[in-house]
1. How large, in percent, is the carbon and sulfur part of the accessible surface of the chain at a probe radius of 1.4 Å?
2. Hey, rough spin-label estimate for Asp50 and Ile145, points 7 angstrom out along Cα→Cβ, what's it come to in nanometres?
3. Please list Phe34, Phe4 from largest to smallest accessible area, probe radius 1.4 Å, with all protein chains kept in place.
4. Starting from the residue with the highest accessible area, list Thr159, Thr73 in decreasing order, probe 1.4 Å.
5. Specify whether the C-alpha gyration tensor of the stretch 138-178 places it in the rounded, prolate or oblate class, a ≥ b ≥ c being the square roots of the eigenvalues: rounded for a/c under 1.5, otherwise prolate if a/b is larger than b/c and oblate if not.
6. Go through Phe85, Leu40, Ile62 and say which Cα lies farthest out towards the positive end of the charge dipole of the stretch 1-100; charges sit on Cβ, +1 for Lys and Arg, -1 for Asp and Glu.
7. Kindly identify the stretch 1-67 as rounded, prolate or oblate by the Cα gyration tensor criterion: order the square roots of the eigenvalues as a ≥ b ≥ c, call it rounded if a/c is under 1.5, otherwise compare a/b with b/c, prolate if a/b is larger, else oblate.
8. Among Ser53, Pro107, Thr73, whose Cα sits farthest toward the positive end of the charge dipole of the stretch 1-131 (+1 at Cβ of Lys/Arg, -1 at Cβ of Asp/Glu, about the Cα centre)?
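The values are calculated or read from the model by the stated rules, or taken from the named source; none is laboratory data. Model, not experiment: these values are computed from the prediction. FYI the Cβ positions are ideal-geometry reconstructions off the backbone, even for glycines, and counts take in every protein chain you see. Ligands, DNA and RNA are excluded from the accessible area calculation, which covers all protein heavy atoms including side chains. Shrake-Rupley method; radii C 1.70, N 1.55, O 1.52, S 1.80 Å.
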Amino acid sequence: MQLFADQGYGATSVADIETAVGLQPRRGGLYKHFANKQALLEAAVREHLDDASAAIRTLDAIDAAAVASDPETLRAVVVDLGRLFLAVMDRMETLTRVLEHDARRLPELTATVKDEVVDLSYRAAARAIASAAPEVDDPDAVAVIALGSLVAARRTTWTFGSAPLSIADDRLLRVWAQTSIAAAGLT
(Lines give C-alpha, C1' and ligand atoms only; values in the text may rest on other atoms or scores of the structure.)
Protein backbone atom coordinates (compact mmCIF):
# COMPACT_ATOMS: atom_id res chain seq x y z
CA MET A 1 0.00 0.00 0.00
CA GLN A 2 2.86 2.36 0.81
CA LEU A 3 4.31 1.93 -2.67
CA PHE A 4 0.96 2.76 -4.25
CA ALA A 5 0.69 5.83 -2.02
CA ASP A 6 4.23 7.01 -2.76
CA GLN A 7 4.45 6.21 -6.47
CA GLY A 8 0.86 5.92 -7.57
CA TYR A 9 -0.92 2.74 -8.57
CA GLY A 10 -0.02 2.97 -12.25
CA ALA A 11 3.64 3.73 -11.64
CA THR A 12 4.11 0.84 -9.19
CA SER A 13 5.20 -2.30 -10.97
CA VAL A 14 4.74 -5.86 -9.81
CA ALA A 15 8.55 -6.05 -9.60
CA ASP A 16 8.52 -3.04 -7.25
CA ILE A 17 6.01 -4.81 -5.02
CA GLU A 18 7.93 -8.08 -5.06
CA THR A 19 11.16 -6.30 -4.14
CA ALA A 20 9.45 -4.38 -1.32
CA VAL A 21 8.16 -7.57 0.29
CA GLY A 22 11.40 -9.49 -0.11
CA LEU A 23 10.51 -11.62 -3.12
CA GLN A 24 12.71 -12.06 -6.16
CA PRO A 25 11.44 -9.58 -8.75
CA ARG A 26 10.05 -10.90 -12.00
CA ARG A 27 9.84 -14.49 -10.78
CA GLY A 28 6.08 -14.58 -10.27
CA GLY A 29 6.11 -14.62 -6.47
CA LEU A 30 3.27 -12.12 -6.22
CA TYR A 31 1.10 -14.26 -8.46
CA LYS A 32 1.26 -17.14 -5.98
CA HIS A 33 -0.81 -14.99 -3.61
CA PHE A 34 -2.78 -12.64 -5.87
CA ALA A 35 -4.09 -12.86 -9.41
CA ASN A 36 -2.66 -9.44 -10.25
CA LYS A 37 -1.71 -6.04 -8.86
CA GLN A 38 -5.37 -4.98 -8.72
CA ALA A 39 -6.26 -8.01 -6.56
CA LEU A 40 -3.45 -7.11 -4.15
CA LEU A 41 -4.75 -3.55 -3.86
CA GLU A 42 -8.32 -4.77 -3.37
CA ALA A 43 -7.20 -7.12 -0.57
CA ALA A 44 -5.35 -4.27 1.15
CA VAL A 45 -8.38 -2.00 0.79
CA ARG A 46 -10.65 -4.72 2.23
CA GLU A 47 -8.46 -4.83 5.37
CA HIS A 48 -8.87 -1.07 5.77
CA LEU A 49 -12.62 -1.31 5.23
CA ASP A 50 -12.96 -4.06 7.82
CA ASP A 51 -10.96 -1.98 10.34
CA ALA A 52 -13.12 1.10 9.78
CA SER A 53 -16.29 -0.96 9.93
CA ALA A 54 -15.29 -2.35 13.34
CA ALA A 55 -14.75 1.18 14.64
CA ILE A 56 -18.15 2.26 13.36
CA ARG A 57 -19.80 -0.70 15.11
CA THR A 58 -18.27 0.69 18.33
CA LEU A 59 -20.15 3.94 17.76
CA ASP A 60 -23.38 2.12 16.96
CA ALA A 61 -23.09 0.11 20.19
CA ILE A 62 -23.24 3.23 22.36
CA ASP A 63 -26.61 4.15 23.86
CA ALA A 64 -26.38 7.81 22.86
CA ALA A 65 -29.63 8.80 24.53
CA ALA A 66 -28.45 7.40 27.88
CA VAL A 67 -25.00 8.96 27.58
CA ALA A 68 -26.52 12.34 26.69
CA SER A 69 -28.29 12.52 30.06
CA ASP A 70 -25.00 13.00 31.96
CA PRO A 71 -22.93 15.96 30.69
CA GLU A 72 -19.59 14.69 32.05
CA THR A 73 -20.06 11.22 30.63
CA LEU A 74 -21.22 12.73 27.34
CA ARG A 75 -18.07 14.86 27.02
CA ALA A 76 -15.83 11.90 27.85
CA VAL A 77 -17.60 9.63 25.34
CA VAL A 78 -17.50 12.26 22.57
CA VAL A 79 -13.78 12.84 23.17
CA ASP A 80 -13.15 9.08 23.04
CA LEU A 81 -15.15 8.78 19.82
CA GLY A 82 -13.16 11.64 18.30
CA ARG A 83 -9.94 9.91 19.32
CA LEU A 84 -11.18 6.65 17.76
CA PHE A 85 -12.08 8.49 14.56
CA LEU A 86 -8.62 10.08 14.33
CA ALA A 87 -6.97 6.70 14.96
CA VAL A 88 -8.95 5.11 12.14
CA MET A 89 -8.01 8.03 9.88
CA ASP A 90 -4.35 7.55 10.75
CA ARG A 91 -4.58 3.87 9.82
CA MET A 92 -6.20 4.88 6.52
CA GLU A 93 -3.64 7.53 5.57
CA THR A 94 -1.90 5.46 2.90
CA LEU A 95 -5.20 4.34 1.41
CA THR A 96 -6.36 7.95 1.33
CA ARG A 97 -3.18 8.97 -0.47
CA VAL A 98 -3.63 6.16 -3.01
CA LEU A 99 -7.17 7.27 -3.75
CA GLU A 100 -6.17 10.92 -3.97
CA HIS A 101 -3.55 9.99 -6.53
CA ASP A 102 -5.45 7.37 -8.51
CA ALA A 103 -9.19 7.81 -7.90
CA ARG A 104 -9.88 8.22 -11.61
CA ARG A 105 -8.06 4.98 -12.37
CA LEU A 106 -9.82 3.13 -9.56
CA PRO A 107 -13.43 4.37 -9.66
CA GLU A 108 -15.01 1.21 -8.23
CA LEU A 109 -12.56 1.05 -5.33
CA THR A 110 -13.01 4.76 -4.67
CA ALA A 111 -16.81 4.39 -4.63
CA THR A 112 -16.55 1.43 -2.26
CA VAL A 113 -14.32 3.32 0.19
CA LYS A 114 -16.61 6.35 0.07
CA ASP A 115 -19.66 4.18 0.75
CA GLU A 116 -18.18 1.78 3.31
CA VAL A 117 -15.98 4.20 5.24
CA VAL A 118 -16.63 7.86 4.55
CA ASP A 119 -20.42 7.90 4.24
CA LEU A 120 -20.82 5.09 6.77
CA SER A 121 -18.88 7.14 9.34
CA TYR A 122 -21.05 10.19 8.77
CA ARG A 123 -24.25 8.11 8.88
CA ALA A 124 -23.19 6.46 12.17
CA ALA A 125 -22.42 9.87 13.69
CA ALA A 126 -25.77 11.20 12.42
CA ARG A 127 -27.60 8.26 14.03
CA ALA A 128 -25.86 8.95 17.34
CA ILE A 129 -26.73 12.64 17.11
CA ALA A 130 -30.36 11.87 16.26
CA SER A 131 -30.59 9.46 19.18
CA ALA A 132 -28.95 11.80 21.68
CA ALA A 133 -30.67 14.96 20.42
CA PRO A 134 -33.92 14.12 18.60
CA GLU A 135 -34.73 17.82 18.31
CA VAL A 136 -31.80 18.42 15.91
CA ASP A 137 -33.33 19.28 12.52
CA ASP A 138 -30.54 17.89 10.35
CA PRO A 139 -28.31 15.34 12.12
CA ASP A 140 -26.62 14.45 8.82
CA ALA A 141 -25.37 18.01 8.34
CA VAL A 142 -24.28 18.26 11.99
CA ALA A 143 -22.35 14.99 11.57
CA VAL A 144 -20.62 16.29 8.43
CA ILE A 145 -19.65 19.53 10.18
CA ALA A 146 -18.42 17.75 13.31
CA LEU A 147 -16.43 14.97 11.64
CA GLY A 148 -15.32 17.22 8.80
CA SER A 149 -13.39 19.38 11.24
CA LEU A 150 -11.45 16.34 12.45
CA VAL A 151 -10.81 15.25 8.86
CA ALA A 152 -9.46 18.71 8.03
CA ALA A 153 -7.20 18.76 11.08
CA ARG A 154 -5.77 15.32 10.36
CA ARG A 155 -5.32 15.94 6.64
CA THR A 156 -3.43 19.16 7.45
CA THR A 157 -1.11 17.13 9.69
CA TRP A 158 -0.51 14.59 6.91
CA THR A 159 0.16 17.22 4.28
CA PHE A 160 2.26 19.68 6.27
CA GLY A 161 3.79 17.45 8.94
CA SER A 162 2.13 19.17 11.89
CA ALA A 163 -1.34 19.94 13.15
CA PRO A 164 -3.00 23.25 12.34
CA LEU A 165 -1.52 25.87 14.69
CA SER A 166 0.38 22.94 16.25
CA ILE A 167 -2.66 22.12 18.38
CA ALA A 168 -2.21 18.72 20.05
CA ASP A 169 -4.90 16.07 19.64
CA ASP A 170 -5.95 16.23 23.31
CA ARG A 171 -6.61 19.95 23.11
CA LEU A 172 -8.32 19.64 19.73
CA LEU A 173 -10.57 16.83 20.92
CA ARG A 174 -11.54 18.60 24.14
CA VAL A 175 -12.70 21.69 22.24
CA TRP A 176 -14.12 19.61 19.38
CA ALA A 177 -16.26 17.67 21.87
CA GLN A 178 -17.55 20.88 23.47
CA THR A 179 -18.36 22.37 20.07
CA SER A 180 -19.99 19.19 18.75
CA ILE A 181 -22.12 18.82 21.86
CA ALA A 182 -23.22 22.44 21.55
CA ALA A 183 -23.97 22.02 17.82
CA ALA A 184 -26.22 19.09 18.67
CA GLY A 185 -28.00 21.22 21.27
CA LEU A 186 -26.92 19.02 24.17
CA THR A 187 -25.46 21.73 26.43
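1. 55 percent
2. Those two pseudo-labels are separated by 3.8 nm.
3. Ranked list, largest accessible area first: Phe34, Phe4.
4. Thr159, Thr73
5. Since a/c reaches 1.5 but b/c is at least a/b, the shape of the stretch 138-178 is classed as oblate.
6. The one lying farthest along the dipole's positive direction is Leu40.
7. prolate
8. Going by the Cα projections, it comes out as Pro107.
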